[in-house]
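Peer 1: Questions regarding the structure given below will be posed in turn.
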Amino acid sequence: MADTVPSIEALLQEGRTFPPPEEFTAQANVRDAGVYQKADADFEGFWAQWAEELHWFKRWDKTLQWDPPNAQWFTGGKINVSYNCLDRHLTGPRRNKAALVWEGEPGDWKVYTYAHLHREVCRFANGLKSLGVKKGDRVTIYMPMIPELPIAMLACARIGAPHSIVFGGFSPESLRDRINDCQANVLITADGGYRRGRVVPLKQNADEALEGTPTVRTSIVARRIGDDANVSMKEGRDVWWDDLVEGQSTHCDAEPMDSEDMLFILYTSGTTGKPKGVVHTTAGYLLGAYATTKWVFDLKEEDVYWCTADIGWVTGHSYIVYGPLANGATSVMYEGAPDYPDRDRFWAIVEKYAATIVYTAPTAIRACMRWGESYPAKHDLSSIRLLGTVGEPINPEAWMWYRENIGGGRCPVVDTWWQTETGMILITPLPGLTTLTPGSATRPFPGVQAEVVDEKGDPVAPGQGGYLILKRPWPAMLRTIYGDPERYVEQYWSRYPNVYFTGDGAKMDDKGFFWILGRVDDVINVAGHRISTMEVESALVDHRSVAEAASIGKSHEVKGQGVVAFVTLKEGVETSDAMERELKAHVARKIGAIARPDDIYFAADLPKTRSGKIMRRLLRDIAEGRVLGDTTTLADEGVVEMLKQQYEDDE
Ligand code: PRX
């Protein structure tokens, strides 16, 4: 896989193009190329037209109130997300259609029709109410990929209690920080989940987290594992999910929410050590997820749509739960790992449910590529008609492999660029219209205005690298950082006036297609997941033997990037393999396994500027084996030479 991280020059010379197959265009949801122009001419009108497709308790008065950097969409409207995802499908033939198809890792499975899902959501919503959860109260969710997770989300949305989902792979400490930041009163968890045949001890992690969370009164525990989980329930705090919903009514009115009421908080890594609570609101978010699911995935009534993400990340929020269910689609969710019990698990799932649309991450595609064609070849994948990718740049080789081996050479591949903050896909092909080029996310979704600019904010010429910015508000855009409005302004709206700064580098080619180059800040993208260098560094310096640490992202064949750390130990502590292992485990324990460094290098000193700032740029050059960039601002040039030598010796 020589071109896992191709140079941008190589990318821009990528000559292969794939126009949409005629049969695909003939039946596509969007066939009129004029949509771009129309949306551009009146983007508010464009979004307002989409809003007509949703259910409103009360119609909105004003489509957009744009007071940069504060956007309010559909003000005056009253709407409920859970109602839009469930109730409005109950009156017609969708009532008994599969809403959620769930596959457990051990091979157990369940199908929820819209009617059944609605009943379970109502029962759980009533259960939450019985615990005193009210509109506006935050509820933290720390669960495996089991049906109770979307049920909990939809129940929260139903009663107007914003959820904050914490990915089940995060550590007790990460969970605790996120609970405390949003002051949740209730935690919803499970007795465990399955991952590669082992039980993930979520309840134990939750118990540890709850030792330092004064606001949490109740913890609801769903039963996934049973007796083997061996959990202990704390009297007065813990309640079993089953006991809570026992005897609850299957009717629960959906709370009419203001368009701008908070729907959820989702924490993501930024440039500092403290994760940011990205706030999404009700109407705009729902609309963005709804519209993009319908157009980007060309979603039809009879599709079986499968997004392989975990609901703990934004992709799962928008494209397993809210987008597909708002469209009345059949959405597949899978609990476990792609290589358990064997490396054909994904393709076995496609065959089992006859999935028609598959949406996954480049890292998963590269892992499958490594495992070889024989695994997908074992299964009938002829049901698939569209493929999607998200989360990180996709190298053309992986794109081609996906198209050929999973899509049988006949399906469009949509490379979708977006972020936790954007809530919805923003740069993407429209599969019935766009001629695809491997490696490019192609064009902004209609109504979205993106540009590549230089330091001063001026647009750069085609083929030149620059910063990716967004010039217009879009409905699903984050509204603030929970509890930290200044950080919202500073992070996204301060570099250029009234323009959203994405934190990504990009190039535009002469066709106007975008090529995303990756983060330009101190965020590392490991297998499509964001980790901040500062988080890893704080975890390292928390160890008693560490004096100083710097971490960077280094290109990785499968994961896109891996975490590498440079560490200075305290006086008198010996460097050793055991110490390296201990520090890696320490980071995994503090943050979660996704942040575990691939490599740790011990250094007598770290390259710093004269004002004492660690120069990560030079560390990246060292780790990538590049010629060192400008070293003139270094306090001590010898340090970097020494490190470089040492690094090369270790490699
Ligand atoms: O760097 C971009 C990368 O993932 C970042 C957003 O990460 P997160 O908020 O965790 O959301 C991931 C799923 C939406 C972006 O700033 N990224 C996301 N999609 C792509 C991408 N990079 C290149 N191509 C993509 N399609």
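Peer 1: Ignoring ligands, DNA and RNA, what percent of the 1.4 Å accessible area of the chain is carbon and sulfur? Mind dumping the intermediate values first?
Peer 2: Numbers: 11360 of 24250 Å².
For the chain, the apolar C and S fraction of the accessible surface comes to 47 percent.
Peer 1: Sticking with this one: How much accessible area per residue does the stretch 121-166 have, in Å², with a 1.4 Å probe?
Peer 2: 17
Peer 1: Could you give me the radius of gyration and the Dmax of the stretch 484-578, taking only the C-alpha atoms into account and expressing both in angstrom?
Peer 2: 17.7, 59
Peer 1: Mind listing the lone cysteines of the chain, meaning no other Cys beta-carbon sits under 4.7 Å from theirs?
Peer 2: Unpaired cysteines in the chain: C85, C156, C182, C307, C368, C411.
Peer 1: Mind scanning K134/K234; K554/K613; K471/K554 and naming the pairs with a C-alpha gap bigger than 28 Å?
Peer 2: Table pairs above 28 Å Cα-Cα are K471/K554.
Peer 1: Using a simple charge model, +1 on the beta-carbon of Lys and Arg, -1 on the beta-carbon of Asp and Glu, nothing else, what dipole does the stretch 108-240 show about its Cα centre, in debye to the nearest 20? All intermediate terms of the calculation are to be shown ahead of the outcome.
Peer 2: Numbers: 19 positive and 15 negative charges, 101 e Å.
In debye, rounded to 20, the stretch 108-240 gives about 480.
Peer 1: Compute the normalised compactness of the stretch 358-414: alpha-carbon radius of gyration over 2.2 N^0.38 Å, N being the residue count.
Peer 2: Numbers: Rg = 10.3 Å, N = 57, 2.2 N^0.38 = 10.2 Å.
Ratio of Rg to 2.2 N^0.38 Å for the stretch 358-414: 1.01.
Peer 1: Solvent-accessible area per residue for the stretch 445-504 at a 1.4 Å probe radius, Å²?
Peer 2: Ligands and nucleic acids excluded, the result is 40 Å² per residue.
Peer 1: Calculate how many DSSP beta bridges within the chain are antiparallel, expressed in % of all such bridges and rounded to the nearest 5.
Peer 2: 60
Peer 1: Take the Cα radius of gyration of the stretch 576-624 and divide it by 2.2 N^0.38 Å, with N its residue count; two decimals is plenty.
Peer 2: Against the compact-globule rule of thumb, the ratio is 1.34.
Peer 1: Find how much the distance from R59 to D242 grows on full extension, using 0.36 nm per residue of separation minus their present alpha carbon separation; answer in nm with one decimal.
Peer 2: Computed gain between R59 and D242 is 62.1 nm.
Peer 1: Another one. Given C-alpha coordinates of the stretch 287-380, what is the ratio Rg to Rh with the Kirkwood estimate of Rh?
Peer 2: Answer for the stretch 287-380: 0.98.
Peer 1: Select from L517, I425, M233 the residue farthest towards the positive end of the dipole of the chain; place +1 on Cβ of Lys and Arg, -1 on Cβ of Asp and Glu, and compute about the Cα centre.
Peer 2: The residue sitting farthest along the positive end of the dipole is M233.
Peer 1: Order 632-639, 79-86, 113-120, 598-605 from most to least packed using the mean count of other Cβ atoms within 10 Å.
Peer 2: Those peptides, ordered most packed to least, come out 79-86, 113-120, 598-605, 632-639.
Peer 1: Let me ask something else. Quick one: putting +1 on the C-beta of Lys and Arg, -1 on the C-beta of Asp and Glu, what dipole do you get for the stretch 398-512 around its Cα centre, in Debye to the nearest 20?
Peer 2: Value, rounded to 20: 360 debye.
Peer 1: If the convex hull of the alpha-carbon atoms of the stretch 564-651 is projected onto planes in all directions, what is the mean projected area in square nanometres?
Peer 2: Hull-based average projected area comes out at 6.3 nm².
Peer 1: What is the extension gain from V489 to R196, computed as 0.36 nm multiplied by their sequence separation minus the C-alpha to C-alpha distance, in nm to one decimal? Provide the component values of the computation, followed by the final result.
Peer 2: Details: separation 293, 0.36 × 293 = 105.48 nm, distance 4.17 nm.
Using 0.36 nm per residue and subtracting the Cα-Cα distance, I get 101.3 nm.
Peer 1: Further question on the same structure: Would you mind pulling out the separation of the Cα centroids of the stretch 443-469 and the stretch 124-140, in Å?
Peer 2: 43
Peer 1: Next up: Calculate, in whole percent, how much of the Cα-Cα pair population of the chain lies beyond 46 Å.
Peer 2: 14
Peer 1: Given q = 0.12, 0.20 Å⁻¹, what are the Debye log10 I(q)/I(0) values for the stretch 199-307, with equal point scatterers placed on the Cα positions and solvent ignored?
Peer 2: Rounded to two decimals, the profile gives -0.80, -1.17.
Peer 1: Return the FRET efficiency for the residue pair Q27, S249: r is the Cβ-Cβ distance, R0 is 41 Å, and the value is rounded to the nearest 0.05.
Peer 2: 0.45
Peer 1: Oh, and also: How big is the gap, in Å, between the Cα center of the stretch 173-246 and the Cα center of the stretch 535-603?
Peer 2: 29
Peer 1: So if we plug the beta-carbon distance of N498 and L628 into 1/(1 + (r/R0)^6) with R0 = 35 Å, what FRET efficiency do we get, rounded to 0.05?
Peer 2: Details: r = 38 Å, r/R0 = 1.07.
Step by step, r from the Cβ atoms, then E = 0.40.
Peer 1: Can you tell me how much longer the chain between L131 and E9 gets when fully stretched, taken as 0.36 nm per residue apart minus their C-alpha distance, in nm with one decimal?
Peer 2: 38.1 nm
Peer 1: I need the Debye-formula profile for the stretch 158-231: one equal scatterer per C-alpha, no solvent, reported as log10 I(q)/I(0) at q = 0.21 1/Å, two decimals.
Peer 2: At q = 0.21 Å⁻¹ the computed log10 ratios are -0.91.
Peer 1: Rounded to the nearest 0.05, what FRET efficiency do R544 and A337 give with R0 = 30 Å and r taken as the Cβ-Cβ distance? Could you check? Spell out each step's value before the answer.
Peer 2: Working: r = 34 Å, r/R0 = 1.13.
Result of the calculation: an efficiency of 0.35.
Peer 1: Students often get this wrong: which residues of the stretch 518-534 have the backbone nitrogen under 13 Å from the point 7 angstrom along Cα-to-C-beta of T272?
Peer 2: Backbone N within reach: 534.
Peer 1: With the calculation restricted to Cα positions, what are the radius of gyration and Dmax of the stretch 335-480 in angstrom?
Peer 2: Using the Cα atoms of the stretch 335-480, the pair Rg, Dmax is 17.2, 53 Å.
Peer 1: Still on this structure, please answer the following. Can you check what the Kirkwood hydrodynamic radius comes to for the stretch 1-119, Cα pairs only, in Å to one decimal?
Peer 2: With all distinct Cα pairs of the stretch 1-119 included, I get 19.5 Å.
Peer 1: A further question on this structure: Binning at 10 Å from 0, report for the stretch 420-568 what percent of all alpha-carbon pair distances ends up in each bin.
Peer 2: Per 10 Å bin, starting at 0, the Cα pair percentages come out as 10, 32, 35, 17, 5, 1.
Peer 1: Mind checking the per residue accessible area of the stretch 210-311 for me, 1.4 Å probe, whole number of Å²?
Peer 2: In whole numbers, the stretch 210-311 has 38 Å² accessible per residue.
Peer 1: Here is a follow-up. Suppose we keep just the alpha-carbon trace of the stretch 420-476; what are its Rg and Dmax in angstrom?
Peer 2: Final numbers for Rg and Dmax: 12.4, 37 Å.
Peer 1: Over what distance in Å are the Cα centres of the stretch 333-356 and the stretch 50-106 separated?
Peer 2: 29
Peer 1: Under a straight-distance cross-link criterion of Cα-Cα below 18 Å, which aspartates and glutamates are reachable from K570, leaving out those fewer than 8 residues away in the same chain?
Peer 2: Output for K570: E537, D542, E548, E580, E582, D605.
Peer 1: When the helices in the chain are scored as -39500 (n - 2.57) per DSSP H run of 4 or longer and the sum is shared across all residues, what 222 nm value do you end up with, to the nearest 500 deg cm²/dmol?
Peer 2: On the way: 21 runs with 188 residues, N = 651.
After summing the helix terms and dividing by the residues of the chain, the value is -8000 deg cm²/dmol.
Peer 1: Still on this model: Under the √(5λ) rule applied to the eigenvalues of the Cα gyration tensor, what semi-axes describe the equivalent ellipsoid of the stretch 88-143? Give them in Å, descending.
Peer 2: That gives 25, 19, 9 Å for the three semi-axes.
The values are calculated or read from the model by the stated rules, or taken from the named source; none is laboratory data. Keep in mind the model is a prediction, meaning the values are calculated, not measured. In this analysis, Cβ positions are derived from the backbone assuming ideal geometry, glycine residues included, and neighbour counts consider all displayed protein chains. We work out accessible area using only protein heavy atoms, side chains counted, and drop any ligands, DNA or RNA first. Shrake-Rupley method; radii C 1.70, N 1.55, O 1.52, S 1.80 Å.
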